[in-house]
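Accompanying notes for the structure given below.
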Amino acid sequence: MYGVRERVLLRHLLEQDVSIAAASRKLGVHRATLHRWIDDGLLDTDVDVIRARYKPRPTVPTKLDPFKPLIAVRLAEFPVLSAVRLLAEIRAAGYTGGYSQLRDYVRTLRPAPAPAPVVRFETPPAHQAQVDFAHCRLPWGTRYALVVVLGYSRLLWVQFFPRQDLRTLLTGLAECFATWGGVPTELLFDQMRAVLTRDDRMTGGGLVHNLEFLRFCRHYEVTARVCRPYRAQTKGKVERPIRYLRESFLYGRTFLGDADLNAQAVHWLETVANARVHGTTKEVPAVRFATEERAQLLSLPVRPYRSTVLEPREQYNKHSRECSREKYSVPEVRVERRSLAAYTALTSLAGGEA
């Protein structure tokens, strides 16, 4: 039921010469209801009078009322007794009502237990980094933010890419490790296809990793771990920063393109994300990383990783551009080029024939 607030707002809108149709859309109230309020004079009626017209409905006796003491006694003795079992018992005692009102009444006597609190899992310095992609819509197209968070210091690394594939993951992680100057002991992922091809743990099996990604991990001497399906809280340290990235960085900013997007992201990381006092650790991520975590990271390999399966980036980008041209190409049209003198001659000829 609509309250006094909607009527006050309607009167305010009408005083500003807003039409009934516009007021209906703004308030979410049907136009017929607004006309009835105006015709009944409710807009000029005192608020206390309006409130007095709408009183709580009187309680109506139900078929369940005589059996409520019995239900209370049974639940006091057996707290987890189901509503189905209680229905059978009170029907044996003469109850002729339905199941739904019994179920609703039992819920008031036995509130649902609060969910078990999630125990926060903290890791030692340089032990774990959590990785995930964020799907971002920008004016020039969709971009994927690769987000990596160090579990101990909460140091954040973000870069945006046009694709969410294995090449992007390997390139981004290599850039991230180079920025940090080292490698954590393990990386935690969700059910990412670039990392995992099949997860049979729910049926008693194991994990089937992407072989190219395993070669990458072996090159950097890092262990890849994958959280179970539907257990996003397992990698909560990266889930919350994705929301923080959308609210603190993407929302309300203007970007000129991919280069400007990533340049602003680096500046935001240095001046905002990694320079603030973290809500959980109560420390600045950049300071905690520099003083306690950087020295314990694994050393970077001597040589960069070179894939034996994926083609080099230069050829990959060239191939992508060629495929794009083939996909969106239009038939070539040959246009004959003539000098201005030729067109003048044609004009003169046309005038003579006329």
Ranked output for segments 130-143, 294-307, 164-177 by mean other Cβ atoms within 10 Å, highest leading, reads 164-177, 130-143, 294-307
Computed ³J(HN,Hα) along region 22-31: with the Karplus parameters 6.51/-1.76/1.60, θ = phi - 60°, integer Hz and x for glycine or proline, the list is 5, 5, 4, 5, 5, 8, x, 10, 5, 4
Most exposed to least, judged by fewest other Cβ atoms within 10 Å, Tyr244, Tyr220, Tyr152 sort to Tyr244, Tyr220, Tyr152
Note, Asp104: beta-carbon cut-off 15 Å, +1 each Lys/Arg, -1 each Asp/Glu, net +4
Checking rank on 181-187, 85-91, with mean other Cβ inside 10 Å and highest first, the result is 181-187, 85-91
hull vol. (C-alpha, convex hull) per residue for region 128-296, Å³ -> 119
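Quick note: the coordinates plus some simple rules give every number you see, no bench work behind them. These numbers were taken from a predicted model, which means no experiment stands behind them. Here Cβ is always computed from backbone atoms with ideal geometry, including for glycine, and neighbour counts include all displayed protein chains.
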